[in-house]
Amino acid sequence: MEYHNPVLLNECIQGLSIKPEGIYVDATFGGGGHAKSILSQLNGGKLFAFDKDDSASTNDLNQSGFKLINANFRHLKNFLKMEGVIKIDGLLADLGVSSHQFDVAERGFSTRLDGELDMRMNVNANLSAKDVVNDYLEEDLANVLYKYGELRNSRRIANKIITASKVSRINTTTELIDVISDLTPEKYRNQFLARVFQSIRIEVNDEITALEEMLLSAVELLNSGGRLVVLSYHSLEDRLIKNLMKKGNFEGKVKKDFFGNPIKKLKEINSKVIVATHTEIKENSRARSAKLRIAEKINEK
Ligand SMILES: C[S@@+](CC[C@H](N)C(=O)[O-])C[C@H]1O[C@@H](n2cnc3c(N)ncnc32)[C@H](O)[C@@H]1O
């Protein structure tokens, strides 16, 4: 089975506007599809790739000018510093989980497969989905479902889950799906379950904070004219990326300095978000919800 089929590959590579001798980062290596393409355009340059999932190392490209770092991209700046890198020419992030992670039942990411309720991208991390559904306070679980799944009946769902978990621990994806079956709308079953799973996954992997930290580091690390290319798959992430690229911060309100100039370190390359073509979506269903945004670091005076 293929590990992962890269989404919007040409658009991402074009967006990076690669200088053959430049230093680049692939923050989300996965199956290495994007990385391979970046590397093919380098001549004297370097590519540092990150993935917090050990299993991605089976795809290591083992080529000169390439290094795969098994770590969370939120620590990007420190890891690059250890490599003697303090400035980069471009960074690509293709967020979320890989097809491989979805397709392995025991990783617990998929609503279609019966597996342990795990959902950790880094299998050595402490918190798993089981902890969230069995040990969180009902109110905290409701907040997770509301904030990260945008589920309006989050309180009722949380109540169902916590009540059931007190009778018997919820250990598998199927058990979780059964517990909330009364609240699952027949017509939107897949979308509903996808949102429940997505919200728990985001909590387990602390995805939003990690993304914010990585983006701020990327902006700091980029040389003037360097590119930030980010692919996201849900509106929460896209909003943060869009606000940062358009307004200079995650809140989305332009802040001004003492002289009234907007505080902004990026300028957008594409003011409209880039999405996949029908042809790509037909061939790769993961491209359906992909949103690509590209920005360039503004000249620092
Ligand atoms: C959508 S896949 C990337 C696929 C890749 N672009 C390719 O062409 O195969 C996302 C990958 O990012 C990794 N990932 C997600 N969040 C991460 C984080 N905070 N730090 C490091 N890796 C992360 C996941 O483990 C997963 O392998």
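What follows is calculated from the coordinates using simple rules that are stated; it is not laboratory data. Because the structure is predicted, anything quoted here is derived from the model rather than measured. For neighbour counting, all protein chains shown are included, and Cβ atoms are generated from backbone atoms with ideal geometry for every residue, glycine included.
Modelled spin-label separation between Ser64 and Ser17, with each label point placed 7 Å from Cα along the Cα-to-Cβ direction: 3.0 nm. Would you please classify the overall shape of the stretch 5-99 from the alpha carbon gyration tensor, given that a ≥ b ≥ c denote the square roots of the eigenvalues, rounded means a/c under 1.5, and beyond that prolate means a/b larger than b/c while oblate covers the rest? Cα axes put the stretch 5-99 in the rounded bin.
When +1 charges are put on Lys and Arg Cβ atoms and -1 charges on Asp and Glu Cβ atoms, the dipole computed for the stretch 1-95 relative to its Cα centre reaches about 400 debye. Spin-label pair Asn243-Val123: with each label point 7 Å from Cα along the Cα-Cβ axis, the two points sit 3.6 nm from one another.
Using 0.36 nm per residue of separation minus the Cα-Cα distance, give me the extension gain between Met82 and Asp140 in nm, one decimal. Kindly include the intermediate steps, with their values, before the conclusion.
Details: separation 58, 0.36 × 58 = 20.88 nm, distance 3.76 nm.
Here the segment from Met82 to Asp140 would lengthen by 17.1 nm.
For the pair Arg156 and Val275, label points projected 7 Å from Cα toward Cβ lie 2.9 nm apart. Distances between every pair of Cα atoms in the stretch 40-195, grouped in 10 Å steps from 0 to the bin holding the largest one, split as 9, 32, 27, 18, 11, 2, 0 percent.
Take every Cα pair under 8 Å whose residues are at least 6 apart in sequence, average their separation, divide by the length of the chain, and the relative contact order is 17 percent. Go ahead and estimate [θ] at 222 nm for the chain from helices alone: -39,500 (n - 2.57) per DSSP H run with n ≥ 4, summed, over the residue count, rounded to 500. Helix contribution divided over all residues of the chain: -11500 deg cm²/dmol.
In which sequence would Leu244, Leu193, Leu228 go, from the one with the fewest C-beta neighbours within 10 Å to the one with the most?
Values: Leu244 25, Leu193 19, Leu228 29.
Neighbour counts put them in this order, fewest first: Leu193, Leu244, Leu228.
Distance from the C-alpha centroid of the stretch 107-155 to that of the stretch 221-300: 28 Å, rounded to the whole angstrom.
On a full-extension model of 0.36 nm per residue, what is the gain between Glu186 and Ser168, subtracting their alpha-carbon distance, rounded to one decimal in nm? Numbers along the way, then the final one.
Numbers: separation 18, 0.36 × 18 = 6.48 nm, distance 2.56 nm.
Between Glu186 and Ser168, full extension yields 3.9 nm more.
Scanning residues 5 or more positions from Ala49 or on other chains, those with amide H under 5 Å from its amide H are Asp26, Lys67, Leu68, Ile69, with H placed 1.01 Å from N in the peptide plane. So for the chain, considering every pair of alpha-carbon atoms, how many percent are separated by more than 27 Å? Value for the chain: 44 percent of Cα pairs lie more than 27 Å apart. Remark: the Glu175-Ala105 segment gains 23.8 nm on full extension, using 0.36 nm per residue and subtracting the alpha carbon distance.
On a 28 Å Cα-Cα criterion, which of the cross-link pairs Lys187/Lys242; Lys36/Lys291; Lys36/Lys297; Lys36/Lys147; Lys52/Lys130; Lys147/Lys272 come out too long?
Working: Lys187/Lys242 31 Å; Lys36/Lys291 21 Å; Lys36/Lys297 24 Å; Lys36/Lys147 35 Å; Lys52/Lys130 20 Å; Lys147/Lys272 25 Å.
Going by Cα-Cα distance, Lys187/Lys242; Lys36/Lys147 fall outside the 28 Å limit.
Would you work out if the stretch 131-226 is rounded, prolate or oblate? Take a ≥ b ≥ c from the square roots of the eigenvalues of the alpha-carbon gyration tensor; rounded if a/c is under 1.5, else prolate when a/b is larger than b/c, oblate otherwise. Prolate.
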